[in-house]
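The values are calculated or read from the model by the stated rules, or taken from the named source; none is laboratory data. Note that this is a predicted model, so its numbers are computed, not measured. Virtual Cβ from ideal backbone geometry, glycine too; neighbours counted across all protein chains shown.
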Amino acid sequence: MTTSAPISERRFVTPLILVTILFFLWALAVNLNDVLIPHLKKVFDLNDFQSALIQVAFFGGYCLSALPAGRLLEKIGYKNGIVVGLVTCAVGALLFIPAASIQVYGLFLFALFVMACGQGVLEVAANPYVTLLGPADSSERRLNLAQSFNAVGAVVTPFIGSAFILSVLEYSREQLTTMTPAEIAAYRTAVVSTVRMPYVVIAGIFFAYAVVIFLSKLPEVGASDGAVKQESTREELRDILRYSQLVKGVIAQFFYVGAQIGVASFVIRLAQHSIPGMLQKDASYYLKLHLIGFMLGRFSGSYIMKRVPAARLLSLFAFSTLICLLVVLLGSGVASLWAVVVIGFFHSIMFPTIFALSIKHLGRYTKLGSSLLVASILGGAVCPAIMGFISDHSSIRVAFIVPLICQAYVLYFAVRGYRPVPVEGTPGAELSTVK
């Protein structure tokens, strides 16, 4: 099977461009976490599990905001939902100012949590909105193309983080032991202050783009039929859970995001473990390459899907990721680092492809289904924390068994789990058929 459907329609070109820019922007906040983890680990003298709480706070916010975001979109629509998400993200970014001033790790976590709540709203709104801006047969390609610009933002972010957040001269643990308490305090103040300016800029960008979206004319496509009786959230959940491709997709998304965030969170840590004595700024080179591979995979994957069915390409990428993770677990030195770099390429298409395959045939339940898929991003909080715990009690290399297990389920979803089964008697939704 191949798809020859156009990527979109002329009337949807402007809305698609505006939302695609949004994907680029929110990548800045998400991917700075991979730089924050080693940075704040150094400042607050954290172990790997404690530093992974950054991802717990961030993706916990995604999870908790997902269902309320779906309800919010039902009331105010995609456009206003995007504005709310952007403003919330900006407020969270501004909270980095007091966090850096008083140097409390918990306040950094709260700031990230607020930002994540805003991005949860953006995810619930933007992902399904893109799938609706054109023919259904090209929805996976369209979402992969939009998400490709998210990958561009992911590539740019480590360079920003390296230039600004990791700009302070780095001291080893041995060097710090020779410093006076006053010198250590001054050093930590200098290190913490580097996070302030990048997040102030991010806040300004989000506020400005919220104004752009508010003044634009985004069509409210795929809106629910007003004649359909409104159901309670419990009734809707009962009905929507009858769609097996969605249920399996939520599980697959949980495991994929857990694997993707877990790998990216500890690229720098693995580099320093594999090559003793390597500085964080030098180790971030491998994170940059990992994210460049991620970007290239998004663009090439979107093109390949014109000729290769989305599920088949997903299965190929999931299998290749498993091979790379085995190299990380069983290899050593530079070989394992390059395997991690290549994983970025194969991770690229997974989120948008799982998302698009899971919400097909949901009809008026599309927004609620999108909420559940965004809630499954909780995997990004759980898996890095488990990896950090394993690393503290064994080694960071052994911790990569967690994304290996996660990718095994993604492969199952790509081979069989995505296939819909007939759903009868569910009001307001399309019947799905086995393909």
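Yes/no per residue for (1) of a type in the set (A, V, I, L, M); (2) touching a Leu at 6+ places or on another chain (Cβ under 7 Å):
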position	(1), (2)
Q55	no, no
L67	yes, no
G70	no, yes
G77	no, no
I82	yes, yes
A93	yes, no
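Among the residues of segment 267-324, the ones that are of a type in the set (A, V, I, L, M, F, W, C) and more than 22 Å from A414 (Cβ to Cβ) come to 12 in all.
Of the residues making up segment 346-386, those that are buried (at least 24 other Cβ atoms within 10 Å of the Cβ) and outside any helix (DSSP H, G or I) number 3.
To keep it simple, each residue is scored yes or no on (1) in contact with a Ser or Thr (Cβ under 7 Å, 6 or more places away or on another chain); (2) surrounded by fewer than 22 Cβ atoms within 10 Å (Cβ to Cβ); (3) modelled with pLDDT under 85.
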site	(1), (2), (3)
F12	no, yes, no
I17	no, yes, no
F23	no, no, no
F44	no, yes, yes
N47	no, yes, yes
Q55	yes, no, yes
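When the criteria are applied in full, L122 fails the requirement of being more than 23 Å from L368 (Cα to Cα), in a helix (DSSP H, G or I) and at pLDDT 85 or above.
Looking across V423, V415, V402, V382, one residue alone is among the aliphatic types (A, V, I, L, M) and at pLDDT below 85. It is V423. The C-beta contact set for segment 375-404 (first residue more than 19 Å from V340 (Cα to Cα), second residue among the charged types (D, E, K, R) and crowded, with 22+ Cβ neighbours inside 10 Å, distance under 6 angstrom, 6+ apart or interchain) comprises D392/D48.
Residues are listed down the side, and each one gets a yes or a no for (1) among the β-branched types (V, I, T); (2) without any contact (Cβ under 8 Å) to a residue 12 or more places away in the chain; (3) closer than 20 Å to P38 by Cβ; (4) surrounded by fewer than 23 Cβ atoms within 10 Å (Cβ to Cβ):
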| position | (1), (2), (3), (4) |
| --- | --- |
| F108 | no, no, yes, no |
| L112 | no, no, yes, no |
| M115 | no, no, yes, no |
| G120 | no, no, no, no |
| L132 | no, no, no, yes |
| L143 | no, no, no, no |
| Q147 | no, no, no, no |
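Within segment 266-318, the set of residues being of a type in the set (G, A, S) and under 27 Å from E140 (Cα atoms) comprises G293, G297, S300, G301, S302, A310, A311, S315, A318.
Going through (1) surrounded by fewer than 24 Cβ atoms within 10 Å (Cβ to Cβ); (2) at pLDDT 85 or above; (3) of a type in the set (G, A, S); (4) closer than 21 Å to F294 by Cβ one by one, G153 falls short only on (2). Of the helices (runs of 4 or more DSSP H) entirely within segment 233-345, those holding at least 3 residues that are surrounded by fewer than 18 Cβ atoms within 10 Å (Cβ to Cβ) and not β-branched (V, I, T) occupy 233-240, 280-304, 310-330. Of the residues making up segment 87-141, just one is closer than 24 Å to S348 by Cβ and of a type in the set (F, W, Y), namely Y129. Contact annotation: no residue pair with Cβ atoms under 6 Å, 6 or more positions apart or on different chains, pairs a residue in segment 179-202 that is under 16 Å from M115 (Cβ atoms) and without any contact (Cβ under 8 Å) to a residue 60 or more places away in the chain with a partner that is surrounded by 14 or more Cβ atoms within 10 Å (Cβ to Cβ) and small (G, A, S). Taking first residues from segment 295-309 that are closer than 14 Å to Q147 by Cβ and partners that are in a helix (DSSP H, G or I) and charged (D, E, K, R), the Cβ contacts under 8 Å between residues at least 6 apart in sequence or on separate chains come to S302/R141; M305/E140; M305/R141.
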